[in-house]
1. Roughly speaking, what is the centre-to-centre gap between the stretch 299-336 and the stretch 245-279 when only Cα atoms are used, to the nearest Å?
2. Treating the beta-carbon of each Lys and Arg as +1 and of each Asp and Glu as -1, no other charges, what is the dipole magnitude of the stretch 185-301 about its Cα centre, to the nearest 20 debye?
3. Need the C-alpha centroid separation for the stretch 64-78 versus the stretch 207-227, integer Å.
4. Amide H to amide H under 5 Å from residue 156: which residues, 5+ apart in sequence or cross-chain, H placed 1.01 Å off N in plane?
5. In deg cm²/dmol, rounded to 500, what helix-only [θ] at 222 nm does the chain give when every DSSP H run of at least 4 residues adds -39500 (n - 2.57) and the total is split over its residues?
6. Amide H to amide H under 5 Å from residue 170: which residues, 5+ apart in sequence or cross-chain, H placed 1.01 Å off N in plane?
7. Output needed: percent of Cα pairs per 10 Å distance bin for the chain, bins running from 0 to the one holding the longest distance.
8. Under a Cβ-Cβ cut-off of 12 Å, what is the net charge of the residues other than residue 350 that fall near it, where Lys and Arg count +1 and Asp and Glu count -1?
Amino acid sequence: MIGEKITYRMADGIRVPGTWRHAFIRNGDYFLTDLFIYADGLVNCWGLVTLEEFEEKLRSGWVATELPDGARASSHELAAWKFSEPRMWHTPEQLLGEVRDTIDQLNGRPDSTGRCLAAVDAFLADRTEAKRAAARDAYLAIPETSRRYALGDMDNKDWPLRALVAGPGGRLDGRPDEPVTQEAYDRAVAYFEDRATWAAGRASRVPADGPEKAVAPAIHLYQSYPHRPSDNPGTDALRNDYPAPVEADGVTYPSVAHAYWALSTADAQARAAIAAADRAAVARGLAAEVPRRDGWEQARTAVLTALLRAKFARHPALAEVLLSTGDATLVYDDADSAYWGDRSGRGRNWTGRLLELVRSELHAARAGIDHRI
C-alpha cells in the first residue's frame, strides 16, 4: 500500500510518482534500506531496474527475503546487528506481487485486490460455477500477505471472501480450513450484499459544503519576466512581478513584488529606490542589500496577502483572470524562494496558496457572501 509514503523522480523533465518500502539488500552482508517503486515500472534497489530485472534480483537474493541465523546486517550510519532466529514475512513471489500491485496503484489501475473484488461482483451478479472459479483464481492471485486486507475490514478480515469463492463444501488450495458450511457461505453472501448496499450509499453521498478536491486541472504559473502590461496576459497576470501598480503606505509601486520588497525594509532610502526600480528583479536586488524589518519573517505572509487583495481590487481585468482559474490548484514558480514557490514539489508554494485564498474571496464577493465575519 502506498499510504503517505509519496515520492517521485525526474525523468526527461517529467515527474514520475513513486513510493517506498523497507527491504534488505544482500551485498556481502545485509543492509536495511528503502526500495523505491515508481509508476513507470522501474524499481530502485540500489540501482534502477525494470520489473523483470527486479524479479531476477529477488531470485538471486540481492533483494533478500530470507535471512540466515547469525546474519550480519546494518543500516548505513545508524546501527549494525546480528540476527538470531530471524523470521521473514515474504517469499520472492509475494514481494514481487506486492510491488506489481503498488505499480498498479500508482497508475490508478485496479490492483490484484481490485481485480478480485470485480470478479466477486461478477459472480454475485451471475452465480455460476465458472464465475465462482474466476473469483477464486482472482483471490489466489492476491499476494498472500495482502489477502487479509482485501476487504478493508479488520474485524472480519478476508473470511467472507474465502467462504464465498470456496463455496459450500469447498476449501481453498493450500489452506487447512474446514470445508465451508452452507451456513458460513450464506453469511458470506449476506455480508457482500450488505457491503454493496453500504458502498452504493457511500458513493452517493456528497460533502455538505461541496467537493473535497479541485475539479479543474492544476495550473502552473511559470517564472516570467514581464516588462509591460499586456492586453492578453493570460496567467502571467497572476505573477507578483506582473506590472500592475498597487498602493501601500501611501506609495504607488509598479507591481506587487516592488511593494513587497519595499515593505520588507525600514530603510526609507532603499524603499524609494525600490519604488523607482524598472523591474521586479532589480527591486529584489536592492532590498537584499539592506536588512529586513524586525519580525518580517512572521509578518511576510500577511503582507503579501494584503498586497494581492489590493492588486485584484485595483485591476478588475486581472481579477477576472484569477477567477477564470476556477478551483484549480495554483502552482507558483519562484526560483529564489522555496517558501513562496513550489520548487518541483519541494517548496511550500505559499504564493499559489494565497492566490487561491484571494480567488475564493473574489468568488464570495461575486456571490454576495460576506466572508469578513
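1. If we compute the Cα centre of each part, the gap is 18 Å.
2. So the dipole magnitude of the stretch 185-301 works out to roughly 180 debye.
3. Taking the Cα centre of the stretch 207-227 as reference, the centre of the stretch 64-78 is 46 Å away.
4. Distant-sequence amide H within range of residue 156: zero hits.
5. -13000 deg cm²/dmol
6. Under 5 Å from the amide H of residue 170 lie the amide H atoms of 180, each far enough along the sequence or on another chain.
7. 4, 17, 19, 17, 17, 14, 9, 3, 0, 0
8. +1
A short reminder: the numbers here are calculations on the coordinates, not readings from a lab. Every value quoted in this text rests on a predicted model; they were computed, and no experiment measured them. Cβ coordinates were reconstructed from backbone atoms using ideal geometry, including for glycine residues, and neighbour counts include every protein chain displayed.
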